[in-house]
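Just below is one structure, and these are the notes that go with it.
The values are calculated or read from the model by the stated rules, or taken from the named source; none is laboratory data. All values derive from a computational prediction rather than experimental measurement. Don't worry about glycine lacking a Cβ; one is built from the backbone with ideal geometry, like all the others, and counts go over all protein chains shown. Note: areas computed on protein heavy atoms with side chains; ligands, DNA, RNA excluded. Shrake-Rupley method; radii C 1.70, N 1.55, O 1.52, S 1.80 Å.
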Amino acid sequence: MQTALRTSLPETELASRANFAPHARVVREERPAHSSGLPLSIRALRKSYGDNEVLRGIDLHIPAGQFVAIVGKSGCGKSTLLRLIAGLEKADSGSISLGDAVKPEDIRVMFQEPRLLPWARVLSNVEVGLGRDRASSDAHSRAEEALTEVGLIDKRDQWPSVLSGGQKQRVALARALVSHPRVLAFDEPLGALDALTRISMQRLLERVWRDQGFTAILVTHDVAEAVALADRVLVIDEGRIAHDVTVNAARPRERGSAELAALEGSILGHLLSADDRT
Amino acid sequence: MSLIDSVSFPRSFRVPRLDGLIQWIVPLAIIAIWQVASVTGFVPTRVLPAPSDVLLAGWKLLLSGELARNIWVSFWRASIGFLIGGGIGFAFGLANGLSQLSNKLTDTTLQMVRNVPHLALIPLVILWFGIDESAKLFLVALGVFFPIYLNTLHGIRTVDPQLIEMGRIYGMTDGELFRRVIFPGALPSIFVGIRFALGIMWLTLIVAETIAASSGLGYMAMQAREFMLIDVVVLSILIYALLGKLADSASRVLERLTLSWHPAYWKR
Ligand SMILES: Nc1ncnc2c1ncn2[C@@H]1O[C@H](COP(=O)(O)OP(=O)(O)OP(=O)(O)O)[C@@H](O)[C@H]1O
Ligand SMILES: [Mg+2]
């Protein structure tokens, strides 16, 4: 009942509640999108945990700056793929290449949990994202800029425990953005949020992606979210990319349009047929 | 229902100034009743001297300089013993929490030693050190060691692994990871250890000074017992209680300052 009521709010109402757009425009003029995305090539990637063959040969090319969504049933290895891309885990065989001379700050991951340090104020939490530049003299101003980008500059001196779930996730986003990464990987970052906050966060993700031009890889359970945000939706099944669906709808996209609904239906169909086989 | 009402009752009557005073009502009332009972002869002064007599004894000892000297000696023993034992306990807690090798090497041994009540070592300690200062310091340090060791270890072990992973992803060096993630995460547990250790510190010192010392509050009490100066005996006990309370308050203040991020420490 609650959810139905929230999602049936008109789009304009949602937009007015998600009022972080005004801050962002200032930033956009100050700092041109200089950090372009990195292309990503994955060849014959395999990964097992013991007897459990999770990834059995992933081949994938993502052009620079593309927004890719990855869907698949639970346990199919989406998080594993993301962790491999982010370098948090080693592959058994195969390769992942990210173009030339990648710095650690160029790849950032955002998880379902915000993972903020409870004992650091919001601003210091964002500064953590600067990596090796944490100690530099402009660390403060860069962190402030990232907080402005997500509309939380007025919370800079708060403890994370006073923030709402959505606000914490926005701080985590600011932390991921502050180093101007060239690849940003999201592992169900909105999974724990309510419907309204989810939608405003989706808009925020899309906006920062368009502003900064990084390559975005979003793992999600929500097919509607995937088609609303991504240029391309990958369906993973049995350790391989089973379907590669391009989403051509023009941006800004109209949520719930017939075009997106049809696409969502066909992807759900792929997922369900994969589920029936097991 | 009525129980809940009575529990939440004082909140609605919160007057900031009075708040700090409320906790003293009961102790003051007890002293008042005690005084009345002594003066009226209800409690013979041979059993328990009147508070006024205790105060008088304290005043005399203060004038002679004996009281200050004994308090200082006890305080010094407590602090040095605490620093030594706590320092070593903290170091072992860190080492065993951070390094598997160190943990494998020492944890089992330490856990075995822990099962020996440290006060049972008093006869041995007297044989080793006589009634020298080092005997008291050794006992206090040993008593303080375990709560600090165990709670530091526990605190480090239970730091959220997701935060540690986050720190690594964001390129923190080992030192930064310790300073920004592991240590602050372990701090609440370390404070639990400190509070436990402070209790054990006073207990150990009282026993050690009573049995084997030639100065200090415990010695003062034992001397007074030999001369049947019951007011001085009671005075020593009260001073011990006061010092214990003081140490506890100090650790609370420190806790409030360093854990100000923790919702549990916000003023409600
Ligand atoms: N560290 C690990 N050790 C052993 N097995 C693991 C480990 N990490 C993941 N797995 C296994 O690998 C498989 C894929 O896990 P993964 O977390 O990638 O799934 P997922 O697609 O992200 O699922 P979900 O949608 O539920 O998050 C699962 O069967 C899981 O049990
Ligand atoms: Mg997952």
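Here residue A:112 meets each of (1) over 19 Å from residue A:150 (Cα atoms); (2) within 16 Å of ligand 1 (Cβ to nearest atom) with one exception, condition (1).
Listed by first and then second residue, the pairs with beta-carbon distance under 9 Å, at least 6 apart or on different chains, first residue in the range A:101-125 and in contact (Cβ under 8 Å) with a residue 60 or more places away in the chain, second basic (Lys, Arg) and part of a helix (DSSP H, G or I), are A:105/A:132; A:108/A:175; A:109/A:83; A:110/A:175; A:113/A:168.
Condition test on residue B:241, is it open to solvent by 50 Å² or more (accessible area, probe 1.4 Å) and within 14 Å of another protein chain (Cβ to nearest Cβ)? It would help to see each step written out before you state the result.
On the way: open to solvent by 50 Å² or more (accessible area, probe 1.4 Å): yes; within 14 Å of another protein chain (Cβ to nearest Cβ): no.
No; evaluated as a whole, the condition is false for this residue.
The set of residues in the range A:55-82 being within 12 Å of ligand 1 (Cβ to nearest atom) and either small (Gly, Ala, Ser) or free of Cβ contacts under 8 Å to residues at least 60 places away in the same chain (or both) consists of A:72, A:74, A:75, A:77, A:79, A:80. Note on the range B:149-176: residues that are within 11 Å of chain A (Cβ to nearest Cβ), part of a helix (DSSP H, G or I) and open to solvent by less than 20 Å² (accessible area, probe 1.4 Å) amount to 3.
A single member of B:260, B:236, B:251 is touching a Lys or Arg at 6+ places or on another chain (Cβ under 6 Å) and either more than 24 Å from residue A:119 (Cα to Cα) or not acidic (Asp, Glu) (or both), and it is B:251. The one condition from (1) more than 7 Å from every other protein chain (Cβ to nearest Cβ); (2) more than 17 Å from residue A:165 (Cβ to Cβ); (3) crowded, with 18+ Cβ neighbours inside 10 Å that residue A:121 does not meet is (3). Only one of the listed residues (A:195, A:176, A:216) is within 18 Å of residue A:143 (Cα to Cα) and either within 12 Å of the chain's Cα centre (by Cα) or of a type in the set (A, V, I, L, M) (or both). That residue is A:176. What number of residues within the range A:79-92 are away from chain B (no Cβ under 14 Å) and within 16 Å of ligand 2 (Cβ to nearest atom)? Total meeting the criteria: 2.
Going by what's in this entry, would residue B:204 be described as modelled with pLDDT of 90 or more and either of a type outside the set (Val, Ile, Thr) or assigned to a helix (DSSP H, G or I) (or both)?
On the way: modelled with pLDDT of 90 or more: yes; either of a type outside the set (Val, Ile, Thr) or assigned to a helix (DSSP H, G or I) (or both): yes.
Considered against the rule, which asks whether it is modelled with pLDDT of 90 or more and either of a type outside the set (Val, Ile, Thr) or assigned to a helix (DSSP H, G or I) (or both), residue B:204 comes out as yes.
Only one entry of A:36, A:74, A:95 meets the criterion of being more than 20 Å from the chain's Cα centre (by Cα), open to solvent by 20 Å² or more (accessible area, probe 1.4 Å) and either more than 16 Å from ligand 2 (Cβ to nearest atom) or away from chain B (no Cβ under 14 Å) (or both), and that entry is A:95. The sole residue among A:225, A:149 that is crowded, with 21+ Cβ neighbours inside 10 Å, away from every other protein chain (no Cβ under 14 Å) and within 16 Å of ligand 1 (Cβ to nearest atom) is A:225.
All conditions in (1) touching a Gly at 6+ places or on another chain (Cβ under 7 Å); (2) away from ligand 2 (no atom under 16 Å from the Cβ); (3) within 14 Å of chain B (Cβ to nearest Cβ) hold for residue A:182, with the sole exception of (3).
For residue A:109, the criteria (1) surrounded by fewer than 22 Cβ atoms within 10 Å (Cβ to Cβ); (2) at the interface with chain B (Cβ under 8 Å from one of its Cβ atoms); (3) in contact with a strand residue (DSSP E or B) (Cβ under 8 Å, 6 or more places away or on another chain) hold in every case but one, which is (1).
From the list B:80, B:71, which residue is of a type in the set (Val, Ile, Thr), out of contact with any Cys (no Cβ under 6 Å at 6 or more places or on another chain) and surrounded by 17 or more Cβ atoms within 10 Å (Cβ to Cβ)? So that I can check it myself, show each step before the final result.
Values: B:80 fails: surrounded by 17 or more Cβ atoms within 10 Å (Cβ to Cβ).
Result of the check over B:80, B:71: B:71.
The set of residues from the range A:198-257 being within 16 Å of ligand 2 (Cβ to nearest atom) and in a loop (DSSP other than H, G, I, E, B) comprises A:220, A:221, A:222, A:239.
Give the residue that is farthest from residue A:244 (Cα to Cα), with candidates limited to residues of the range A:184-197 that are in a loop (DSSP other than H, G, I, E, B) and among the acidic types (Asp, Glu). So the residue we want is A:194.
Taken over the range A:155-172, residues that are farther than 10 Å from residue A:122 by Cβ and surrounded by fewer than 19 Cβ atoms within 10 Å (Cβ to Cβ) amount to 3.
Among A:132, A:175, which is the only one that is assigned to a helix (DSSP H, G or I), crowded, with 20+ Cβ neighbours inside 10 Å, within 12 Å of chain B (Cβ to nearest Cβ) and not aromatic (Phe, Trp, Tyr)?
On the way: A:132 fails: crowded, with 20+ Cβ neighbours inside 10 Å.
After applying the criteria, what remains is A:175.
With respect to the conditions (1) in contact (Cβ under 8 Å) with a residue 12 or more places away in the chain; (2) surrounded by fewer than 15 Cβ atoms within 10 Å (Cβ to Cβ); (3) among the basic types (Lys, Arg), residue B:136 falls short on a single one, namely (2). In summary, residue B:260 fulfils each of the numbered conditions (1) within 14 Å of chain A (Cβ to nearest Cβ); (2) open to solvent by less than 40 Å² (accessible area, probe 1.4 Å); (3) outside any helix (DSSP H, G or I) with the single exception of condition (2).
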